[in-house]
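Here the structure is laid out as structure tokens; the discussion comes afterwards.
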Amino acid sequence: GVLFTLSWSSSAHAQTNLLRDPGFEGENYKNVAIDPADENTRFNVPVDWEGWFSLSPHNADWMNIYPNGFPQIGWPRRSGNRAINISRGQATFTVALYHRVTVGTGQNVQGGAWVYSENPAGTARAGIDPNGGTNPYDSDIVWGNWVNGPNSNFFQTTVDATATGDVIT
């Protein structure tokens with residue numbers, strides 16, 4: 001389960017979460033991709049979010065394959081009733097969930113996520129594109145540290161950045 005936050009605060013405002021559906025409590029999901037080799041493998045994300053994944057490098061059958069993404073109820077979560085489950089048995093995958101929000105130029109923001117991993121090799125990190133781009137390889141993205149998840153437990157990743165425009169990702 002993943003719970004994302006993107007917040008800002010100033011002397012005039014309390015800390016505010018800027019994301020729509022930050023805990024994935026919404027029931028509506030949209031499809032990002034279907035594995036052409038297996039139509040049951042579908043990468044779906046909440047309607048207020050976008051999803052990205054990479055199929056390379058792919059030097060072995062188990063490397064960077066299509067992920068499954070779907071709403072999860074009754075699964076370990078930090079809060080709320082739902083989570084997003086992103087998985088693929090016996091394989092690796094590289095995914096990004098992202099959200100674009102409007103902020104003021106020069107606004108300091110903090111982003112982060114609580115991630116649940118059933119695999120001790122699971123890693124995650126939070127990033128903020130201060131320019132509002134959608135390419136996870138953009139060199140302008142401010143990335144937090146990689147965090148390795150303990151087996152079957154939650155771990156947190158965070159990052160701070162300053163907006164260079166009116167929209168950040």
From the options T164, T157, residue that is touching a Lys or Arg at 6+ places or on another chain (Cβ under 8 Å), among the hydroxyl-bearing types (S, T, Y) and in contact (Cβ under 8 Å) with a residue 24 or more places away in the chain:
T157
Filter the range 118-159 down to the residues that are open to solvent by 80 Å² or more (accessible area, probe 1.4 Å) and among the hydrophobic types (A, V, I, L, M, F, W, C), then identify the one that is farthest from G51 (Cα to Cα).
W146
Check I73 against each of (1) modelled with pLDDT of 85 or more; (2) open to solvent by 50 Å² or more (accessible area, probe 1.4 Å); (3) β-branched (V, I, T) and name the one condition it does not meet.
(1)
So which pairs qualify, if the first residue must be in the range 28-52 and at negative phi and open to solvent by 50 Å² or more (accessible area, probe 1.4 Å), the second must be part of a strand (DSSP E or B) and of a type in the set (V, I, T), the Cβ gap must be under 6 Å, and the two must be at least 6 apart or on different chains?
V32/V45; R42/I34
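The values are calculated or read from the model by the stated rules, or taken from the named source; none is laboratory data. As the structure is a prediction and not an experimental result, all values here were calculated from the model. Counting neighbours? That spans all protein chains shown, and the Cβs are built from the backbone with ideal geometry, glycine included. Note: accessible area is taken over every heavy atom of the protein model, side chains too, but ligands, DNA and RNA are not part of it. Shrake-Rupley method; radii C 1.70, N 1.55, O 1.52, S 1.80 Å.
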